[in-house]
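Step one of this worksheet: look at the structure below.
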Amino acid sequence: MTVKALKGFKDIIPGEVETWQFIEATARDILHRFGCSEIKVPILEKTKLFQRSIGETTDIVEKEMYTFPDRNGSSLTMRPEGTASVLRAYIENGLHAAKPIQKLYTIGPMFRHERPQMGRLRQFHQISVEVVGTDLPKVDAELMAMAALILEELGLSASLEINSLGCPKCRPAFNKALLDFIGGVDDLCEDCLRRRDTNPLRVLDCKSANCQAHYKDAPSILDHLCTDCADHFSAVKKGLDLLKVAYTVNSFMVRGLDYYTRTTFELLTNDLGAQSAVGAGGRYDGLVEQLGGPAVPGIGFAVGMERLALLLNQQDNTLPEPEIDLFIAALGPLGQDEGFKMCHALRALGLSVAMDYQDRSLKNQMKQAGKAGARFVLILGDEELKNKQAVLRNMENHEQQEVALGGDIKHWSLELADNLFD
Ligand code: HAM
């Protein structure tokens, strides 16, 4: 019996991987323009890192983490998101001392044991960005503009919804108002009844139509913000207006991770079936300190690469086929050996070169060159080599020219390389 990949874990094969490379290259380019630096962090962390940051009573920590004991019995978890790991690394490496404001990004796989469906996997990939060391509202606006620009430069569109979740000063009053409201409703689902006691804010995220019908009349967090949070939120909106980033305010957006304070946001689309969020994020002003670091604020977001790839594929904006510079059609034993050496010499000079090592017919090798998308073919036979010559064929306009192969291989490889780029 063949061994198959795990449910919810997907290979990204040639033909698909080009879309991923396009997404990654576009995002990296934009992130560098905004002054972000890449950080690479481990996939495996101590479980308590996520319990302390994402929150013990969130769905992610309660039901979705890949957690298992290490051989020495300590509890490890495959990271379900990037923020906690990046902040752990920020603290552990003293990055706050190196620069007062750190703009960090990481790209890689995350793991959540969710029910797989279109756009929802158990191993998925995020481009995750964190700006640590400032709570200026312009930074929030700039970060959302950055996320929107990534989508725009990929040729995708999504709508931006924003909210403010307040701070430890004003959240308790809202929680109380929400609890009072929930206390007056008697047919909530089991999840909401449980959350009422553990994490009241999260009830607003319930998927049940019945619960949602009740929550339409629930109190709004935006009516409970303290003056500082209300001013911050107004300034964030002004920042978005200045940058001409369109948004709508959704006071019921609560997010599934507990670390958020003040600004939260989601980039939403209708084109992904049951999954609507292409990206999401928010501010986490107490988190670095909570994880044992300095009392510095921070904000970040992540976009899901599977979801971006699905959206791009739906658009049918086919990416250019990969092509190579040169195919060496080598004939006869001498041609095969010289071609083999030349192939390596030209690759070392920076060209993409392929050849067939089986001395097949010229017709067959020309077919292979066509399939590989070669721009040029160098025909190298025993006879040509004896005369220190070869034929270079331009596959686009079918023109052929003789090229001289005198001198040492480095020399004529260089000449040939010049020829290819004339
Ligand atoms: P999140 O909303 O849990 O936030 O995930 C961000 C994005 O990751 C989602 O919008 C979605 O595109 C993608 N995603 C999440 N789960 C899956 C899945 N099972 N399959 C495919 N894609 C998925 C965070 O993870 C936060 N760490 C974002 C953040 C960074 N907040 C501050 N900094």
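The table below gives the values:
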quantity: Summed side-chain charge close to I43 - residues other than I43 whose Cβ falls under 12 Å, Lys, Arg +1, Asp, Glu -1; calculated: 0
quantity: Beta bridges per DSSP with both ends in the chain, % antiparallel, nearest 5; calculated: 80
quantity: Rounded to the nearest 10 Å², the accessible area of V3 at probe 1.4 Å; calculated: 140
quantity: Accessible heavy-atom area order of K207, K48, K367, highest first, probe of 1.4 Å; calculated: K207, K367, K48
quantity: Over the chain: helical MRE at 222 nm, DSSP H runs n ≥ 4 each giving -39500 (n - 2.57), nearest 500; calculated: -11500 deg cm²/dmol
quantity: Per DSSP, loop GluC sites (Glu not before Pro) in the stretch 53-135 with at most 16 further Cβ within 10 Å; calculated: E56, E114
quantity: Gaussian network model of the chain, springs between alpha carbon atoms under 10 Å - residue of D197, D135, D29 with greatest fluctuation; calculated: D197
quantity: By accessible area with a 1.4 Å probe, ligands and nucleic acids excluded, highest first: order of E338, E402; calculated: E402, E338
quantity: DSSP bridge pairs, the stretch 324-421: antiparallel proportion in percent, nearest 5; calculated: 50
quantity: Contour minus Cα-Cα distance for K48 and L6 (0.36 nm per residue); calculated: 12.5 nm
quantity: The chain: most fluctuating residue of K244, K371, K216 per GNM, C-alpha cutoff 10 Å; calculated: K371
quantity: For the chain, accessible area per residue (1.4 Å probe, heavy atoms of protein chains only), Å²; calculated: 50
quantity: Fluctuation leader among E24, E289, E384 - the chain, Gaussian network, Cα springs under 10 angstrom; calculated: E384
quantity: Carbon + sulfur, % of accessible area of the chain - ligands and nucleic acids excluded, 1.4 Å; calculated: 52
quantity: Cα gyration tensor shape of the stretch 324-421, rounded if a/c is under 1.5, else prolate or oblate by comparing a/b with b/c; calculated: rounded
quantity: Accessible area (Å², 1.4 Å probe, nearest 10) - L414; calculated: 90
quantity: Gyration tensor (alpha-carbon) shape descriptor, the stretch 59-136, a/c threshold 1.5; calculated: oblate
quantity: Three semi-axes of the equivalent ellipsoid, the chain, Cα gyration tensor, whole Å, largest first; calculated: 55, 22, 21
quantity: Cys residues of the chain counted as unpaired, since no other Cys beta-carbon is under 4.7 Å; calculated: C36, C167, C189, C192, C229, C343
quantity: Protein-only accessible surface order, largest first, of H125, H344, H113 at 1.4 Å; calculated: H344, H113, H125
quantity: Compactness index (Cα Rg / 2.2 N^0.38 Å), the stretch 1-101; calculated: 1.37
quantity: Relative contact order, percent, the chain [alpha-carbon distance under 8 Å, six or more residues apart]; calculated: 15
quantity: Rounded to whole Hz, the Karplus (6.51, -1.76, 1.60) HN-Hα couplings of the stretch 264-270, x for glycine and proline; calculated: 10, 7, 9, 9, 10, 9, 9
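The values are calculated or read from the model by the stated rules, or taken from the named source; none is laboratory data. Every value quoted in this text rests on a predicted model; they were computed, and no experiment measured them. Here Cβ is always computed from backbone atoms with ideal geometry, including for glycine, and neighbour counts include all displayed protein chains. The accessibility values were calculated without ligands, DNA or RNA, using every heavy atom of the protein model including side chains. Shrake-Rupley method; radii C 1.70, N 1.55, O 1.52, S 1.80 Å.
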